[in-house]
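Visitor: Questions regarding the structure given below will be posed in turn.
The values are calculated or read from the model by the stated rules, or taken from the named source; none is laboratory data. Note that the coordinates shown come from a computational prediction; the quantities given were computed from them, not determined experimentally. Every residue, glycine among them, receives a Cβ derived from its backbone with ideal geometry; neighbour counts consider all protein chains shown. These accessible areas exclude ligands, DNA and RNA; they are computed on the full protein's heavy atoms, side chains included. Shrake-Rupley method; radii C 1.70, N 1.55, O 1.52, S 1.80 Å.
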Amino acid sequence: MFEMQTLGPGAVRQRRAAAHKLAITALLAASALAGTTARADTLNQALAKAYETNPTLNAARANQMATDENYAIQRAAGLPTAQINSTFNENVLIPGGQFVVIPRTLQTQVQVQVPIYQGGLVKFNMKAADARIAAGAETLRATEASVFSQVVAAYNDVLRDSQIVEFNRANVKTLETNLRGTQDRFEVGDLTRTDVAQSEARLAQAQADLRNAEANLIASKERYIQQVGEPPADLSPPPPLPGLPASVDEAVEIAIKENPDIAAATKNSEAAGLDLKAARASRLPTLSAFGNLNRNDNFGGARANIPINIPSTQESGVIGGQMTLPLYQGGRPAAQIRQAQARKTAAMENQIATERQVIQQVRAAFASYKASLDVIRSAEAAIAANSLSLEGVRAENGVGNRTIIEVLNAEQELINAKVILATARRNAYVAGFTLLAAIGSAEARDLNLEGVKLYDSKDNYRRVKGDFLDWSGRDTPMIRSTRTVTTPAQSASEVVGPQ
């Protein structure tokens with residue numbers, strides 16, 4: 001189930017180019033039921049539920065929408081503006097000796113300002129906003145993969161801990177039977193008090209182990225609820241992982257090209273470079289055109305002490321252009337340029353830091369996956385050997401050739417091997433999925449999630465780019481995620497999944 005498929009050099013890149021979705025799609029789709037159910041019981045359904053209702057993912061989408069608006073905000077600085085200013089005056093105290101008395105006036109002015117040239121400031125700010133929007137889209141991809149990785153981990157944690165609880169419960173029952181048998185043999189003088197004490201001690205330890213295992217299962221169920229939004233039902237085994245890169249070097253090569261965190265850091269570095277160009281534009285001249293239309297209205301109430309005609313309204317208009325040539329701004333432009341240069345340097349360093357982190361993640365996940373596969377094979381061999389050993393020790397104990405403590409030890413070794421196997425299977429799956437996330441192949445677009453419509457962050461961006469109105473808006477803010485306060489506190493009375 002967990003064996004790695006060997007791919008030739010460059011085969012993974014060809015797979016992504018020719019059939020990017022097919023590998024994971026087929027495997028995850030195979031695990032889904034024919035129809036959706038109210039509660040997730042396959043990994044595909046759990047991922048689909050999280051995709052729609054996980055608050056971390058929904059918040060990331062909303063934040064990306066907010067980032068999209070930066071483009072329109074920067075664009076507005078290069079578009080014409082128009083406004084109306086109206087002022088009403090009521091002259092309550094008029095000095096004497098005035099030739100013309102105007103008791104009240106209404107002054108209205110219409111102003112239109114048209115930017116023509118701003119030294120490239122608007123252009124570079126718009127390009128920087130574009131780059132940051134692209135970086136945000138990549139960050140959203142990374143958030144998707146991160147949430148899915150947490151769902152996969154929680155799903156497999158529940159399966160693992162359910163198995164461990166069952167192992168420990170079976171062990172407690174076995175040790176209870178052993179203790180009763182030991183006590184009976186002690187009564188007839190076949191065993192000593194030491195044998196009874198050993199059986200009692202081992203039973204007490206097994207009961208403590210069971211309580212710890214049950215607590216771990218409850219914690220895993222609660223983590224599942226946190227990620228998926230509902231309690232785990234009868235979980236099915238997760239589907240096999242698709243073919244992973246054949247070598248760690250190939251995995252790193254793919255991650256450098258496809259990892260969303262690296263792509264986001266690259267775009268942020270590009271945006272920082274555009275910020276530097278925008279800062280330099282503040283030292284250049286600007287040119288704009290304007291037009292003003294004025295109207296004064298005295299409502300026909302003006303009075304004159306001399307025989308002149310005073311019109312009730314007066315109108316005037318003017319158009320023109322304005323050029324501004326900065327000569328000295330107190331050193332502010334130079335400081336802004338130096339600041340932008342430092343931030344560009346920081347962005348480039350962050351790009352390298354992100355690359356380092358991704359390389360570490362890829363190599364660690366690859367090593368963990370390979371090691372877990374080896375542990376699985378060793379644990380399976382250990383279970384087979386311990387099962388045979390336990391059977392032989394019990395038989396030999398029945399004829400007096402083995403002691404009670406040897407039987408107890410053989411039973412504990414078998415339990416330990418089963419726990420190691422369950423843990424290794426969980427670790428292998430989680431490490432494999434983590435590797436898929438690191439190489440950019442564990443997002444919703446790759447997984448063919450059942451019954452969901454894929455979210456496209458570009459839809460909102462397209463609406464933003466085509467919206468030039470001051471009074472447009474979006475839907476009233478609302479919560480799309482599900483709360484978990486009404487879900488019952490989990491218990492270990494019922495284990496989840498196949499045993």
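Visitor: If you roll a 1.4 angstrom probe over the protein chains with everything in place, what fraction of the accessible area of the chain belongs to carbon and sulfur, to the nearest %? Intermediate results must be reported in sequence, preceding the final value.
Guide: Numbers: 14590 of 26920 Å².
Here carbon and sulfur together make up 54 percent of the probe-accessible area.
Visitor: How large is the dipole of the chain about the Cα centre if only Lys and Arg carry +1 and Asp and Glu carry -1, each at its Cβ, rounded to the nearest 20 debye? Intermediate values should be presented prior to the final figure.
Guide: Details: 52 positive and 50 negative charges, 477 e Å.
Its charge dipole is roughly 2280 debye.
Visitor: Compute the accessible area per residue over the stretch 338-454, keeping the other protein chains in place, probe 1.4 Å, unit Å².
Guide: On the way: 5810 Å² over 117 residues.
Normalised by residue count, the accessible surface of the stretch 338-454 is 50 Å².
Visitor: Also: Could you work out the local net charge near P55, counting Lys and Arg as +1, Asp and Glu as -1, over the other residues with Cβ closer than 12 Å to its Cβ? Display every interim value, and only then the final one.
Guide: Numbers: positive: R61, R480, R483; negative: E52.
Once all neighbours under 12 Å are counted, the net charge is +2.
Visitor: How would you order 456-467, 265-276 from highest to lowest mean count of nearby Cβ atoms within 10 Å? Mind dumping the intermediate values first?
Guide: Values: 456-467: 14.2, 265-276: 21.7.
The packing order, highest mean first, is 265-276, 456-467.
Visitor: Here is a follow-up. Between L284 and Q322, what is 0.36 nm times their sequence separation minus the Cα-Cα distance? Round to one decimal in nm. Present the calculation step by step, with values, prior to reporting the outcome.
Guide: Numbers: separation 38, 0.36 × 38 = 13.68 nm, distance 1.42 nm.
Taking L284 through Q322 to full extension adds about 12.3 nm, to one decimal.
Visitor: Further question: Would you mind working out the magnitude of the charge dipole of the stretch 190-251 relative to its Cα centre, with +1 at each Lys and Arg C-beta and -1 at each Asp and Glu C-beta, to the nearest 20 Debye?
Guide: On the way: 5 positive and 10 negative charges, 43 e Å.
Value, rounded to 20: 200 debye.
Visitor: Mind checking which helices in the chain clear 20 Å along their axis (Cα) and have mean Kyte-Doolittle hydropathy of -0.5 or more, DSSP H runs only?
Guide: Numbers: long enough: 55-76 (32 Å, -0.76); 121-187 (96 Å, -0.24); 193-228 (52 Å, -0.68); 260-281 (32 Å, -0.15); 332-398 (93 Å, -0.27); 404-438 (50 Å, 0.75).
Passing helices, by number: 121-187, 260-281, 332-398, 404-438.
Visitor: Starting at 0 and stepping by 10 Å, how many percent of the alpha carbon pairs of the stretch 211-310 end up in each bin?
Guide: Bin by bin from 0 Å, the calculated values are 9, 13, 13, 17, 11, 10, 9, 7, 6, 5, 1.
Visitor: Starting from the Cα gyration tensor of the chain, multiply each eigenvalue by 5, take the square root, and state the resulting semi-axes largest first in whole Å. Don't jump to the answer; show the numbers that get you there.
Guide: Values: eigenvalues 1111, 156, 75 Å².
Taking √(5λ) for each Cα gyration eigenvalue gives 75, 28, 19 Å.
Visitor: Continuing with this model, one more query. How do the peptides 140-153, 220-233, 54-67 rank, highest first, by the average count of neighbouring beta carbon atoms within 10 Å per residue?
Guide: Details: 140-153: 22.2, 220-233: 20.3, 54-67: 16.9.
My ranking of the peptides, most packed first, is 140-153, 220-233, 54-67.
Visitor: Rank these by accessible area, largest first, 1.4 Å probe: F468, F167. Don't jump to the answer; show the numbers that get you there.
Guide: Working: F468 125, F167 45 Å².
Output order, biggest surface exposure first: F468, F167.
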